[in-house]
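**Q** Have a look at this one.
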Amino acid sequence: MKYLSEYRNLEATKRYINKIHEITTKNWNIMEICGGQTHGLVKNGILELLPDKVRMIHGPGCPVCVTPLNLIDKAVELLENGVIVCSFGDMIRVPGSKKSLLEAKANGGDLRVLYSPIEAVTVAKQNPEKEVVFFAVGFETTAPANALSVLHAEKEGITNYSILTSHVLVPPAMEAILDDEFNTINAFLAAGHVCAIMGTEEYYPIVDKYKIPIVVTGFEPLDLVQGIYIAVNQLESKTYKLENQYARVVKEEGNIAAKKVIQQVFEVSDREWRGIGLIPNSGYRLRKKYEQYDAEEKFNISNIKVPENANCIAGEILKGLKKPYECSQFGKTCVPANPLGAPMVSSEGACAAYYHFSNHVIDQ
Ligand code: SF4
């Protein structure tokens, strides 16, 4: 199959749902890593069609959701001090400790919503008298473009451009989840787009160490049910290995050119995950050579620290310990128009998925 519509085919999807029912004999908890996969499962009603014994647990793969509160406060601080802040649209309504980027814009801040960090370099070039910062949020998928923007600024001799980095990595998060004392995960669906960049090599050690099936999976309904089928099939036959359902996109070696750009500009560092805490070696920071493009250093804002909202249980949801509807604020004080936490506002957030596409809001 090569067309997207074929991966949205109802009959083919139903066939795989039936196959999952046929082979399932035991209870299995399967975590889909990516928020895009969570939305695919909830929006297409797949959760209701699976056997009761197959429970999907929603993982931390929503970059907006895991960006710490203090990073949003730092971006707001820049905006309120005359810096042009550029961001992907997803970030602008996420609440900081006092306000979101959108609220800071309403107070006069120069916030630009862009589709690419390269556009932010152009903004810097067009506004030489101003400082321009790109809010570089994301998993491995967005790292190449953010790294390229730094290389582009360097090549053009642009000195009024920098990035506020919040890059996180999937494999260390998977290990942190598996090491959690309350972990109940039996298998993972790995995020296909992350693997399209990074390849599959870094997942083999996790498979071997934790003896757990990992299935690299895409995002369409048929992708998702195929990924679940492969995972259940391994679990029922007591095998554990890495399998690639998304082979039409993901190559074992990943995107070598993209990985080279990441390597050139970033190095692995410890990262704080919103609601989860510090995970060792779970993110990227700019290499020393590119520190002049590090907004935290440039504007001396690395010391801003703020506590998370105590009413938001996003950390437990991101670790798969609770479902969004188990949060006492869900659909009451926390709704997409007035979110208490990032998972309710992000297009990949689990709380937003359940709010928009499940009947849990009606049930309350
Ligand atoms: S429903 Fe709102 S308050 Fe509860 S975990 Fe989700 S984002 Fe946080």
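**Q** Using Cα-Cα distances under 8 Å and only pairs 6 or more residues apart, what relative contact order does the stretch 249-353 have, in percent?
**A** 16
**Q** Here is a further query. Can you tally the lysine pairs in the stretch 1-74 where the Cα-Cα distance is under 28 Å and the two residues are eight or more apart, or on different chains?
**A** Counting lysine pairs in the stretch 1-74 gives 11.
**Q** Amide H neighbours of SER282 under 5 Å, at least 5 residues apart or on other chains, H built in the peptide plane: list them.
**A** Those lying under 5 Å, H to H, from SER282 are SER269, ASP270, ARG271.
**Q** Could you grab the relative contact order for the chain? Cα pairs under 8 Å, six or more apart, rounded to a whole percent.
**A** Value for the chain: 23 percent.
**Q** Near LYS211, which aspartates and glutamates are there with a Cα under 19 Å away, not counting those fewer than 8 places off in the same chain?
**A** GLU32, GLU175, ASP179, ASP180, GLU181, GLU201, GLU202, GLU236, GLU243
**Q** Moving to a separate point now. Taking the chain as a Gaussian network, Cα atoms linked when under 10 Å apart, which of ARG285, ARG274, ARG15 shows the biggest mean-square fluctuation?
**A** ARG15
**Q** In vacuum, with every alpha carbon of the stretch 49-173 counted as one equal point scatterer, what does the Debye formula give for log10 I(q)/I(0) at q = 0.13, 0.16 Å⁻¹? Two decimals, please.
**A** -0.54, -0.76
**Q** Averaging over every viewing direction, what projected area does the convex hull of the Cα atoms of the stretch 215-276 cover, in nm²?
**A** It is 6.8 nm².
**Q** Taking amide H atoms as placed 1.01 Å from N in the peptide plane, list the residues 5 or more away in sequence, or in a different chain, whose amide H sits under 5 Å from that of LEU242.
**A** ILE214
**Q** Right, next: Tell me which cysteines of the chain come out unpaired when the rule is another cysteine's Cβ under 4.7 Å.
**A** CYS34, CYS86, CYS195, CYS312, CYS327, CYS334, CYS351
**Q** Okay, next question. With angles folded into 0 to 90 degrees, how steeply does helix 69-80 sit against the dominant principal axis of the chain? Use alpha carbons for both and round to 10.
**A** 30
**Q** Taking the Cα centroid of the stretch 39-62 and of the stretch 256-294, what is the distance between the two, rounded to the nearest whole Å?
**A** 31
**Q** Sticking with this one: For the chain, what is the mean residue ellipticity at 222 nm derived from helices alone (per DSSP H run of n ≥ 4: -39500 (n - 2.57); sum divided by total residues; nearest 500 deg cm²/dmol)?
**A** Helix-only estimate at 222 nm: -11000 deg cm²/dmol.
**Q** Taking Rh as the Kirkwood radius computed over C-alpha pairs, what is the Stokes-Einstein D of the stretch 285-356 at 20 °C in a medium of viscosity 1.002 mPa s, expressed in µm² per second?
**A** Result for D is 151 µm²/s.
**Q** Follow-up question, since we're still on this one. Sorted by mean Cβ packing within 10 Å, highest first, what order do the peptides 315-324, 135-144, 119-128 take?
**A** Result, highest mean Cβ count within 10 Å first: 135-144, 315-324, 119-128.
**Q** Further question on the same structure: State to the nearest 20 debye the size of the charge dipole of the chain about its Cα centre, where the only charges are +1 on K and R beta carbons and -1 on D and E beta carbons.
**A** About 400 debye.
**Q** Tabulate in residue order the Karplus-calculated ³J(HN,Hα) for the stretch 308-319, using 6.51 cos²θ - 1.76 cosθ + 1.60 with θ = phi - 60°, rounded to whole Hz; enter x for Gly and Pro.
**A** Rounded to whole hertz, the list is 6, 5, 5, 7, 9, 9, 3, x, 5, 5, 5, 8.
**Q** Kirkwood-based Rg over Rh for the stretch 35-116 (C-alpha set), two decimals?
**A** Ratio value, two decimals: 1.17.
**Q** While we're looking at this one, here's another question. Report, largest value first, the span of the C-alpha coordinates of the chain along each principal axis, in whole Å.
**A** 66, 47, 40
**Q** Now for a separate question. For labels at LYS19 and LYS130 in the simple 7 Å Cα→Cβ model, what's the distance in nm?
**A** Simple spin-label model gives 5.4 nm for this pair.
**Q** Would you mind telling me which residue in GLU22, GLU103, GLU296 has the biggest mean-square fluctuation in a Gaussian network model of the chain, where springs connect alpha carbons within a distance under 10 angstrom?
**A** Highest fluctuation of the listed residues: GLU22.
**Q** Please state the equivalent ellipsoid semi-axes for the stretch 157-305: what are the square roots of 5 times the Cα gyration tensor eigenvalues, largest first, in whole Å?
**A** 33, 19, 12
**Q** Roughly how far apart, in whole Å, are the Cα centres of the stretch 303-364 and the stretch 105-136?
**A** Cα centres, the stretch 303-364 to the stretch 105-136: 29 Å.
Computed from the coordinates by the stated procedures, all read-outs in this text should not be read as laboratory data. Since the model is a prediction, treat every value here as computed from it, not as a measurement. For neighbour counting, all protein chains shown are included, and Cβ atoms are generated from backbone atoms with ideal geometry for every residue, glycine included.
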